[in-house]
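Below: the structure, in structure tokens.
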Amino acid sequence: MFRSFRLFKLAGIPVYIHWTFFLLIAFVIFQSISASESMIQLGFELLVLLSVFACVTMHEYGHALTAKRYGVSTQDIILSPIGGVARLNHLPEKPKHELFVAIAGPLVNVAIILLILLTVFVFYPADSFNPGFESISASNFFENYLFVLQYINVMLVLFNLIPAFPMDGGRVLRSLLAMKLGRLKATRIAAFIGQGIAVIFIVSAIFKYPILGRPVSTVEQFTLSIIGLFVFSMARAELNSVTAENKVNTIKASDLMVRQFTHLYKTDSTDFAVSQHNAGIERDFLVFTPDNQVIGTLNNEIIQFIASRGITGLVASYYTPMPTTLTPDEPLKSIAGKTSNLPTQLFPVLENDKVVGVVYKRAVEQQLKEIFRT
Ligand SMILES: [Zn+2]
């Protein structure tokens with residue numbers, strides 16, 4: 001974990017903090033000293049800063065712990081000055097589960113808001129809650145703290161519910177659409193809406209459109225543009241990833257397999273294998289028993305070795321036993337998982353114990369490359 005520091009581990013999930021967070025603390029202290037603020041003012045600012053991060057951490061735990069309920073583990077939670085991310089090992093497939101995981105984060109902030117309201121209700125009866133920010137003193141410290149924390153949590157909820165990836169609102173929108181339209185189509189629509197929102201951000205920034213109910217400042221112009229560009233590219237990334245995921249689940253062994261291929265039998269001579277190797281474009285072969293049961297492969301390197309040494313014998317002595325077989329409707333995802341770590345270069349596709357085709361590893365790799373290049 002380069003440039004991030006591990007803070008603690010709770011519920012089996014390690015929480016890391018990005019080093020720039022310390023820069024933020026240093027900035028707050030520097031700002032405070034140069035404005036010759038009181039110690040209590042500085043203490044207030046630091047407490048607010050830490051509280052924001054605590055709220056963000058709880059928000060991320062909301063996602064992570066809900067995901068855990070659906071059997072999805074979380075690699076870690078990373079906090080940085082621009083926010084937090086719970087890195088789930090994969091997304092829950094069912095739209096309902098995704099909805100609950102996505103909404104759980106903002107709901108944590110809603111719970112914090114309710115808790116603050118309750119605290120105000122208990123400690124500040126009837127109109128006695130009057131936070132004033134001119135200067136923080138011991139007498140108004142807690143009052144101001146509650147108010148700022150309330151404001152921050154409201155902003156966290158509103159920001160996260162913007163219906164655009166990677167915000168939670170984007171996932172909520174997608175999961176709701178997915179219940180009716182399926183994941184791919186839902187992602188297309190959600191990505192389109194997200195990009196529309198991104199364009200509104202960017203256009204508002206350029207033309208200083210009063211998106212926040214008042215004209216935007218130069219700093220906000222800059223921030224909005226950056227967020228807009230980020231949101232725009234994230235929509236694209238999410239769509240690409242779901243499209244790729246859809247492809248690896250829908251492309252089947254029968255789409256990848258070659259139906260015409262040379263059969264080598266274990267009773268064939270190595271000379272025959274070498275001649276087949278040299279005669280055509282096939283480099284690796286499936287090896288069968290005389291009653292057409294596939295038992296292994298004879299690969300390029302071994303045939304070349306046999307040819308270079310002038311070895312004569314039977315294929316039976318040189319073939320490699322078959323590590324795995326495929327079925328015609330096996331999806332690319334499963335094929336890639338089964339074959340990627342094997343040295344074997346071709347795999348038989350079996351239907352009712354009969355070999356109906358062969359899938360070459362390079363075809364699998366080529367297909368994956370095409371899918372993930374987009
Ligand atoms: Zn969230």
Among the candidates LYS338, LYS369, single out the residue that is surrounded by fewer than 16 Cβ atoms within 10 Å (Cβ to Cβ) and either modelled with pLDDT of 90 or more or within 24 Å of the chain's Cα centre (by Cα) (or both).
LYS369
Filter result for SER32 (of a type in the set (Ser, Thr, Tyr) and surrounded by fewer than 16 Cβ atoms within 10 Å (Cβ to Cβ)):
no
Please work out which one of (1) within 16 Å of the ligand (Cβ to nearest atom); (2) at pLDDT below 85; (3) farther than 20 Å from ILE152 by Cβ is the condition LEU79 fails and give its number.
(3)
Quick one: count up the residues across region 72-117 that are assigned to a loop (DSSP other than H, G, I, E, B) and over 16 Å from the mean Cα position of the chain (by Cα).
2
Scan region 61-73 and tell me whether some residue there is more than 12 Å from the ligand (Cβ to nearest atom), among the β-branched types (Val, Ile, Thr) and at pLDDT 85 or above.
yes
With PHE232, PHE272, PHE222 as the choices, which residue is touching a Gly at 6+ places or on another chain (Cβ under 9 Å), part of a helix (DSSP H, G or I) and either free of Cβ contacts under 8 Å to residues at least 12 places away in the same chain or at negative phi (or both)?
PHE232
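The values are calculated or read from the model by the stated rules, or taken from the named source; none is laboratory data. It should be emphasised that the depicted structure is a prediction, and the values quoted were computed from it without experimental measurement. Note: ideal-geometry Cβ built from the backbone for every residue, glycine included; neighbour counts use all protein chains shown.
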